[in-house]
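The values are calculated or read from the model by the stated rules, or taken from the named source; none is laboratory data. It should be emphasised that the depicted structure is a prediction, and the values quoted were computed from it without experimental measurement. Cβ: placed from backbone, ideal geometry, glycine included. Neighbour counts: every protein chain shown.
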């Protein structure tokens with residue numbers, strides 16, 4: 001039916017007869033001559049139908065936009081002055097000899113070139129939304145990215161191995177999607193949150209280097225970079241340490257950016273300790289394109305009478321930090337109030353600030369509701385530490401370290417955007433030396449910061465048990481433009497160390513055996529040292545495509561309530577299906 005794609009028609013095919021198929025992008029009747037812009041995956045070409053070909057002309061008069069057409073015709077130059085330099089086919093056109101309507105389109109629920117269509121409508125008619133050039137370009141980009149990543153891993157000796165979709169529920173940080181078993185009444189499979197345990201078993205099985213482009217499932221609250229089902233590039237390797245794994249992976253990402261975007265990322269990527277990242281940026285995934293840093297000022301305000309500052313400054317778990325916004329003095333009170341509302345979403349009880357109008361005038365050159373509580377011996381050293389200049393605005397956070405980090409970290413990102421402070425297009429880094437555990441006050445227990453299979457950086461089990469609070473992990477995250485695109489670790493490869501970690505996490509021997517018995521047993525039979533990481537493929541494509549959400553780079557995404565508007569899933573099932581699965585729904589009166 002087709003000899004060429006529309007986007008392939010150019011001067012090299014002059015005077016040749018071609019057969020094309022595609023959609024009627026636009027039809028124009030110019031007083032006796034009909035023009036149709038024919039569109040397919042590769043682009044547009046102009047079709048000309050004149051009255052000399054009576055059958056084709058009669059068909060062209062009945063063509064509606066988005067109808068599917070078949071065209072046979074001769075390639076000829078466009079008349080001088082009518083060329084379109086924006087099209088690959090813009091110097092030529094196809095004079096139709098035959099035209100067939102393969103499928104007539106009804107009026108569309110929205111116009112493909114309408115930029116104001118709601119996301120709800122776009123997802124409801126996703127098959128139409130996918131016809132838009134932006135969506136086709138993004139999915140083509142996604143395909144190319146996956147091809148480059150696969151080729152790199154293939155060339156470096158990695159084996160592409162599939163792991164099960166129906167597996168056992170294990171605690172990995174989010175709720176599982178459960179699948180009832182018909183053949184084992186009352187029992188359930190779980191869809192994998194990641195192939196974590198299986199890829200470790202592959203290392204025990206001697207596969208040495210594994211990768212997989214794999215679908216993962218997590219039942220968690222959604223946001224712009226989360227979906228209930230998403231795609232990972234999952235990687236594991238034996239007999240390599242952190243430096244070797246991260247070095248190889250950043251070489252892969254550098255090769256990807258060079259080949260696909262012609263962008264040179266730094267070699268090597270900078271590395272930042274988790275503690276430094278939190279201290280300087282309030283985030284373990286800092287966007288280094290924004291030249292703003294949190295400034296510790298607790299030592300300066302510890303003895304002031306202003307308890308909003310002094311209380312957290314004296315609290316071992318508290319923090320008082322400043323954030324200087326250069327040029328922020330032009331912000332209005334309403335804009336400052338909006339920032340206060342922003343940090344309030346992250347637990348901050350308020351947002352203190354000092355507006356620097358003229359630093360040479362001392363207090364008279366400052367505007368602030370808090371400087372009356374700060375005597376000169378505190379105020380001027382504080383301004384000096386912040387590097388205050390005229391027309392600056394200095395914000396303060398004072399609360400628990402977590403609240404200060406979360407709120408000022410988010411404020412830093414917003415100021416970077418609002419004040420046009422972002423420098424450069426790309427900033428990549430590794431964040432390393434994460435804490436192994438974090439204390440859960442509500443549950444009075446330790447939790448694994450990454451996952452319970454991450455190896456702690458300890459020399460002995462005794463060291464692990466005596467000081468879990470100070471224990472670091474052998475984990476590493478790759479961050480790109482403030483988004484975590486990949487994370488991994490060196491894994492635990494000795495059964496006794498894995499059992500000790502489970503014990504610290506409050507997972508007793510019986511529970512560990514019930515949930516992870518197959519892994520604990522496998523670790524006894526010659527498990528090699530191993531480690532790996534997983535890249536969030538959707539996030540990576542989102543960044544490289546310049547999209548705002550991973551929904552924009554997925555063919556059929558869910559909404560933020562984990563629903564598919566296209567298929568109306570999730571949906572009720574029949575009583576017969578439930579009965580086959582031995583499930584009875586409790587009826588409410």
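List of remarks:
- Residues (out of contact with any helix residue (DSSP H, G or I) (no Cβ under 6 Å at 6 or more places or on another chain) and either farther than 19 Å from residue 338 by Cβ or surrounded by fewer than 19 Cβ atoms within 10 Å (Cβ to Cβ) (or both)) located in region 391-402: 400, 401, 402
- Residue satisfying all of: in region 14-26; surrounded by fewer than 18 Cβ atoms within 10 Å (Cβ to Cβ) and outside any loop (DSSP other than H, G, I, E, B); modelled with the lowest pLDDT among these: 26
- Lone qualifier among 264, 219, 234 - being in contact with a strand residue (DSSP E or B) (Cβ under 6 Å, 6 or more places away or on another chain) and surrounded by fewer than 20 Cβ atoms within 10 Å (Cβ to Cβ): 219
- Some residue of region 194-202 being part of a loop (DSSP other than H, G, I, E, B) and closer than 25 Å to residue 507 by Cβ: yes
Each row is one residue, and each column tells you yes or no for (1) out of contact with any helix residue (DSSP H, G or I) (no Cβ under 9 Å at 6 or more places or on another chain); (2) assigned to a strand (DSSP E or B); (3) not assigned by TED's automatic domain parsing to the domain that holds residue 306.
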{"residue": "369", "(1), (2), (3)": "yes, no, no"}
{"residue": "382", "(1), (2), (3)": "no, no, no"}
{"residue": "388", "(1), (2), (3)": "no, no, no"}
{"residue": "417", "(1), (2), (3)": "yes, no, no"}
{"residue": "439", "(1), (2), (3)": "no, yes, yes"}
{"residue": "447", "(1), (2), (3)": "yes, yes, yes"}
{"residue": "459", "(1), (2), (3)": "yes, no, yes"}
{"residue": "476", "(1), (2), (3)": "no, yes, yes"}
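- Members of region 175-186 found to be surrounded by fewer than 15 Cβ atoms within 10 Å (Cβ to Cβ), assigned to a loop (DSSP other than H, G, I, E, B) and in contact with a strand residue (DSSP E or B) (Cβ under 8 Å, 6 or more places away or on another chain), listed by number: 181
- Residue check: residue 432 meets all listed conditions (1) in contact (Cβ under 8 Å) with a residue 60 or more places away in the chain; (2) farther than 26 Å from residue 208 by Cα but one, namely (2).
- Flag for residue 110 being touching a helix residue (DSSP H, G or I) at 6+ places or on another chain (Cβ under 9 Å), within 23 Å of residue 558 (Cα to Cα), touching a residue at least 12 places away in the same chain (Cβ under 8 Å) and surrounded by 13 or more Cβ atoms within 10 Å (Cβ to Cβ): yes
- Within region 415-423, not a single residue is within 29 Å of the chain's Cα centre (by Cα), under 26 Å from residue 170 (Cβ atoms) and either surrounded by fewer than 19 Cβ atoms within 10 Å (Cβ to Cβ) or touching a residue at least 24 places away in the same chain (Cβ under 8 Å) (or both).
- Qualifying residue in region 322-336 (condition: more than 36 Å from the chain's Cα centre (by Cα) and either buried (at least 16 other Cβ atoms within 10 Å of the Cβ) or assigned to a helix (DSSP H, G or I) (or both)): no
- In summary, residue 317 fulfils each of the numbered conditions (1) surrounded by 15 or more Cβ atoms within 10 Å (Cβ to Cβ); (2) at negative phi; (3) in contact with a strand residue (DSSP E or B) (Cβ under 6 Å, 6 or more places away or on another chain) with the single exception of condition (1).
- The selection criterion, being touching a residue at least 60 places away in the same chain (Cβ under 8 Å), over 23 Å from residue 421 (Cβ atoms) and touching a helix residue (DSSP H, G or I) at 6+ places or on another chain (Cβ under 6 Å), holds for residue 347.
- Note on region 478-502: residues that are more than 30 Å from residue 412 (Cβ to Cβ), touching a residue at least 24 places away in the same chain (Cβ under 8 Å) and touching a helix residue (DSSP H, G or I) at 6+ places or on another chain (Cβ under 9 Å) total 11.
- Among all positions in region 395-405, there is at least one residue which is in a helix (DSSP H, G or I) and within 30 Å of residue 541 (Cα to Cα).
- Note on region 491-589: enclosed helices (runs of 4 or more DSSP H) holding 1 or more residues that are at pLDDT below 95 and surrounded by 16 or more Cβ atoms within 10 Å (Cβ to Cβ) are 495-504, 509-522.
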